[in-house]
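Participant: Provided herewith is a single structure, encoded as structure tokens, for subsequent inquiry.
The values are calculated or read from the model by the stated rules, or taken from the named source; none is laboratory data. Predicted model, so just to flag it, every value in this text is computed and none were measured. Counting neighbours? That spans all protein chains shown, and the Cβs are built from the backbone with ideal geometry, glycine included. The protein model used for the area step is the full one, side chains on, heavy atoms only, and it has no ligands, DNA or RNA in it. Shrake-Rupley method; radii C 1.70, N 1.55, O 1.52, S 1.80 Å.
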Amino acid sequence: QVLLVESGGGLVQPGGSLRLSCAASRSIFRLYPMGWYRQAPGKQRELVAGITSGSSTNYADSVKGRFTISRDIAKNTVYLQMNSLTAEDTAVYYCNKDPPNLSFWGQGTQVTVSS
């Protein structure tokens, strides 16, 4: 069993930045591709950024150029740097394997972009 704990969310003004963190209870990042997902009210959960075990990254078109995914294997942590935030980025953000393991979903961290 792996426990994933997301943190770093909050309220930010449009154009602002946040850095999300996802800490794992044990080392999985070295073995598996990981992703950051988000779910906005009334919408399906979507993958916004992924990173492979070889550190290749991919992004949804809606966040490309604004978000950066990275990881620190020694700290069992994956990060999501989010810049130039807009109201459309408001959602609960989760991390999980890519593709996700249903038993790994954590509580997520709320990101609200509003003036």
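Participant: Using a probe of 1.4 angstrom, how much of the accessible area of the chain is carbon and sulfur, in percent?
Facilitator: 49
Participant: Further question: Once fully extended, how much extra length lies between THR68 and SER27, figured as 0.36 nm per residue of separation less the alpha-carbon to alpha-carbon distance?
Facilitator: Values: separation 41, 0.36 × 41 = 14.76 nm, distance 2.11 nm.
Computed gain between THR68 and SER27 is 12.7 nm.
Participant: Within region 84-111, find all residues whose amide N lies under 19 Å from a label point positioned 7 Å from the Cα of GLN13 along Cα-to-beta-carbon.
Facilitator: 84-90, 111, by backbone N distance to the label point.
Participant: Continuing with the same structure: Can you find, among GLY8, SER56, LEU20, the residue sitting farthest towards the positive end of the charge dipole of the chain, where Lys and Arg contribute +1 and Asp and Glu -1 at Cβ?
Facilitator: Checking the options against the dipole of the chain, the answer is SER56.
Participant: So what is the relative contact order for the chain, in percent, with contacts set as C-alpha pairs under 8 Å and at least six apart?
Facilitator: It rounds to 38 percent for the chain.
Participant: Collect residues whose amide H, placed 1.01 Å from N in the peptide plane, falls under 5 Å from the amide H of CYS95; neighbours closer than 5 in sequence don't count.
Facilitator: TYR37, GLY106
Participant: Ignoring ligands, DNA and RNA, what accessible area per residue does the chain give at 1.4 Å, in Å²?
Facilitator: 52
Participant: Tell me whether the chain comes out rounded, prolate or oblate; compute the Cα gyration tensor, take square roots of the eigenvalues as a ≥ b ≥ c, and use a/c under 1.5 as the rounded threshold.
Facilitator: Here the chain falls in the prolate category.
Participant: Mind checking which lysines have their C-alpha under 23 Å from LYS75, skipping anything on the same chain fewer than 8 residues away?
Facilitator: LYS97
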